[in-house]
Amino acid sequence: MERSEDFGRSGYWYPDSDSASTVDVLNMLRRYRSAETAMRTRTRISMGMNETDLVALRFLLREQRAGRLVRPIDIARMLDISTASTTTLIDRLEKGGHARREPHPTDRRAGVIVPTVSSDDEVRETLGAMHRRMLALVDELDDKERAIITRFLAGMTSAIEEASDLDQELRDVIRDHEESESAGE
C-alpha cells in the first residue's frame with residue numbers, strides 16, 4: 001500500500017483506508033458547512049428573505065413553540081442590532097406576511113411580534129423533509145456515538161469562536177499534525 005506522503009499534503013488525494021484521517025474529517029465538515037450554506041440560501045430565496053430576516057423568523061418560531069413572548073427589544077438583542085434596524089426588520093417581516101405585531105397581553109405600553117401560521121407552514125414545508133432525514137440519521141446512533149459527535153461539534157464550535165483568523169489557525173493545526181506524524185515515523 002502507498003504511504004500517505006505519496007498523495008501530497010493537500011488533503012484532496014487520499015490512500016485507500018478503512019478509517020478516516022484527520023484531514024478527511026475536516027474536509028467532510030467543510031463539505032457539510034458548504035451544503036448547509038447552500039440550503040440556507042435556497043430557503044432564503046424561496047421565502048423572499050435575507051439572512052437576518054430568516055434568523056429572526058427562526059427565533060420567533062422557536063420562542064413561540066417554547067411559549068415565550070417576543071418583544072422587538074428581544075429581537076434586537078438576539079441579533080445585536082439597533083432598535084431602528086429592528087423596526088425595519090419587523091416591517092419587512094410584516095410586509096412579507098411572515099410576522100405581525102400584536103399588543104402585549106399584560107402590558108398595554110408594549111407590543112409583541114408573532115410569526116404567522118402561514119410562515120410556520122412555509123418553513124415546515126421548505127425544511128421539513130430535510131429535518132426528518134437529519135433526525136432519522138441521529139436516531140440511528142447509539143448514546144456513545146451521539147456523545148462523541150456532540151463533544152466533537154462542541155469542540156469545533158469553540159475552536160471557530162475563539163479563532164481570530166480561522167484559515168491561518170486551520171493551516172497551523174494541519175501543519176502541526178503533519179509534523180507530529182512525520183516525527184513519529
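The values are calculated or read from the model by the stated rules, or taken from the named source; none is laboratory data. Owing to the predicted nature of the structure, the values given are computational and were not obtained by experimental measurement. Note: ideal-geometry Cβ built from the backbone for every residue, glycine included; neighbour counts use all protein chains shown. Surface areas here come from the heavy atoms of the whole protein model, side chains and all, with no ligands, DNA or RNA. Shrake-Rupley method; radii C 1.70, N 1.55, O 1.52, S 1.80 Å.
The table that follows gives values for the structure above.
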| quantity | calculated |
| --- | --- |
| Hey, E178 part of a helix (DSSP H, G or I), farther than 30 Å from A76 by Cα and touching a residue at least 40 places away in the same chain (Cβ under 8 Å) or not | yes |
| Qualifying helices (runs of 4 or more DSSP H) (wholly inside segment 1-96; at least 2 residues being within 17 Å of the chain's Cα centre (by Cα) and modelled with pLDDT of 80 or more) | 22-47, 51-65, 72-79 |
| From the options T106, T116, residue that is over 26 Å from M39 (Cβ atoms) and among the β-branched types (V, I, T) | T106 |
| Search result, residues across segment 98-117 that are among the aliphatic types (A, V, I, L, M) and either surrounded by 12 or more Cβ atoms within 10 Å (Cβ to Cβ) or touching a strand residue (DSSP E or B) at 6+ places or on another chain (Cβ under 9 Å) (or both) | A99, A110, V112, I113, V114 |
| Residues of segment 97-117 satisfying the condition of being touching a residue at least 24 places away in the same chain (Cβ under 8 Å) and not in a strand (DSSP E or B) | H98, H104, P105, A110 |
| Output for segment 27-51, where each listed residue is more than 15 Å from G96 (Cα to Cα), without any contact (Cβ under 8 Å) to a residue 12 or more places away in the chain and basic (K, R) | R30, R31, R33, R42 |
| Segment 35-51, residues that are open to solvent by 70 Å² or more (accessible area, probe 1.4 Å) and among the β-branched types (V, I, T) | T37, I45 |
| Pair list, Cβ under 8 Å, 6 or more apart: segment 52-74 residue touching a residue at least 60 places away in the same chain (Cβ under 8 Å) and open to solvent by 70 Å² or more (accessible area, probe 1.4 Å), other residue in a helix (DSSP H, G or I) and of a type outside the set (D, E) | R58/V123 |
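Table: residues versus (1) under 21 Å from R62 (Cα atoms); (2) in contact with a Leu (Cβ under 7 Å, 6 or more places away or on another chain); (3) in a helix (DSSP H, G or I); (4) open to solvent by less than 90 Å² (accessible area, probe 1.4 Å).
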{"position": "S119", "(1), (2), (3), (4)": "yes, yes, yes, yes"}
{"position": "E125", "(1), (2), (3), (4)": "yes, no, yes, no"}
{"position": "A129", "(1), (2), (3), (4)": "yes, no, yes, yes"}
{"position": "M134", "(1), (2), (3), (4)": "yes, no, yes, yes"}
{"position": "L141", "(1), (2), (3), (4)": "no, no, no, yes"}
{"position": "I148", "(1), (2), (3), (4)": "no, no, yes, yes"}
{"position": "R151", "(1), (2), (3), (4)": "no, no, yes, no"}
{"position": "S158", "(1), (2), (3), (4)": "no, no, yes, yes"}
{"position": "E161", "(1), (2), (3), (4)": "no, no, yes, no"}
